[in-house]
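The values are calculated or read from the model by the stated rules, or taken from the named source; none is laboratory data. Here the structure is a predicted model, which means the values were calculated and not measured. Methodologically, a virtual Cβ is constructed for each residue, glycine included, from the backbone with ideal geometry; neighbour enumeration extends over all protein chains shown. Keep in mind that these areas ignore ligands, DNA and RNA; they rest on the heavy atoms of the full protein, side chains included. Shrake-Rupley method; radii C 1.70, N 1.55, O 1.52, S 1.80 Å.
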Amino acid sequence: MTSYVVHRKNVMEKNVSRHMYFHREIDQLKKMILNLGTLVEDRLRRACTLLETKDEGQAQAIMSEDWEIDDMEIRVEEECLKILALHQPVARDLRLIVSIIKINSELERIADIAVNIAKRILTINNCKTADFIFILDYQPMATKVLEMVKTSLDALVTEDAGLARKVFLMDDQVNRKRDAAYKTVMEEISRNSNNAACLVNIYLIARHLERIGDRANNIAEEVIYLVEGEIVRSSEDSH
């Protein structure tokens, strides 16, 4: 009887230890994805600032720093796979890890698009003529996209599905701004084809911003899945 009690006690202690270790790993994983989110937000904010400054040095810096995000994305994915293999989580813990894997990918894509914005600025600076005018003010659209990304990450931190759903409403506004940008650029090309290449690149910036909004939408969907266990797709356009 005594040996049985000792055995049971040892088993319970091992289970408690394993449980504590698992939750420490989960906490570390949450910190990693939030750190990645902070870095991506900063990279995106700097890319949006380029739309005003057209600063080539800053554009080059954004492009050269892209490896940092790629490296962090790989480390987050590896940590998720390690936890899945070692602990085989179920229920909400499993949903958390699945959500983080997907959000991790979305954040890396947002950073890639920020790099694309920087490349567009460099292309426009190199191809514009003396009389070229940057005909679109992208700050309202950029501000809304930044708000979408911030809101989706805030919803992740607070695990707030209601806050996540607010991102979907913002996406409609961003899509309307993209459509307006397309119309303006096409009208300008029809009036003055000399700067057609630059004007096309100006429109592509609107497309990049819209795709960032789509990525924020996808993050919001994953937050809802995490909190409610419900798979949500806000629109066909978001994927």
Of the residues in the stretch 140-181 that are of a type in the set (Ser, Thr, Tyr) and farther than 13 Å from residue 209 by Cα, the one that is most open to solvent (accessible area, probe 1.4 Å) is 158
Go through the stretch 168-209 and give me each residue that's acidic (Asp, Glu) and in contact (Cβ under 8 Å) with a residue 12 or more places away in the chain.
171, 188
Taking the criterion of being open to solvent by 40 Å² or more (accessible area, probe 1.4 Å), on the phi > 0 side of the Ramachandran plot and touching a residue at least 60 places away in the same chain (Cβ under 8 Å), would at least one residue in the stretch 54-69 satisfy it?
yes
Please state which of the following conditions residue 90 fails to meet, knowing it meets all the rest: (1) touching an Asp or Glu at 6+ places or on another chain (Cβ under 8 Å); (2) of a type in the set (A, V, I, L, M, F, W, C); (3) at pLDDT below 95.
(1)
With under 23 Å from residue 129 (Cβ atoms) and open to solvent by less than 20 Å² (accessible area, probe 1.4 Å) as the only criterion, which of 206, 197 stands out?
206
Examine the stretch 216-224 for a residue that is surrounded by fewer than 18 Cβ atoms within 10 Å (Cβ to Cβ) and either among the basic types (Lys, Arg) or over 15 Å from the mean Cα position of the chain (by Cα) (or both), and state whether such a residue exists.
no
Is it the case, given these coordinates, that residue 26 is crowded, with 20+ Cβ neighbours inside 10 Å, in contact (Cβ under 8 Å) with a residue 60 or more places away in the chain and of a type in the set (Val, Ile, Thr)?
no
Would you point out which residue out of 104, 116 is surrounded by fewer than 21 Cβ atoms within 10 Å (Cβ to Cβ) and not small (Gly, Ala, Ser)?
116
Have a look at 233, 165, 178 and point out the one that is more than 19 Å from residue 43 (Cα to Cα) and part of a loop (DSSP other than H, G, I, E, B).
233
Looking only at the stretch 210-235, how many residues end up being touching a residue at least 40 places away in the same chain (Cβ under 8 Å) and in contact with a Phe, Trp or Tyr (Cβ under 7 Å, 6 or more places away or on another chain)?
3
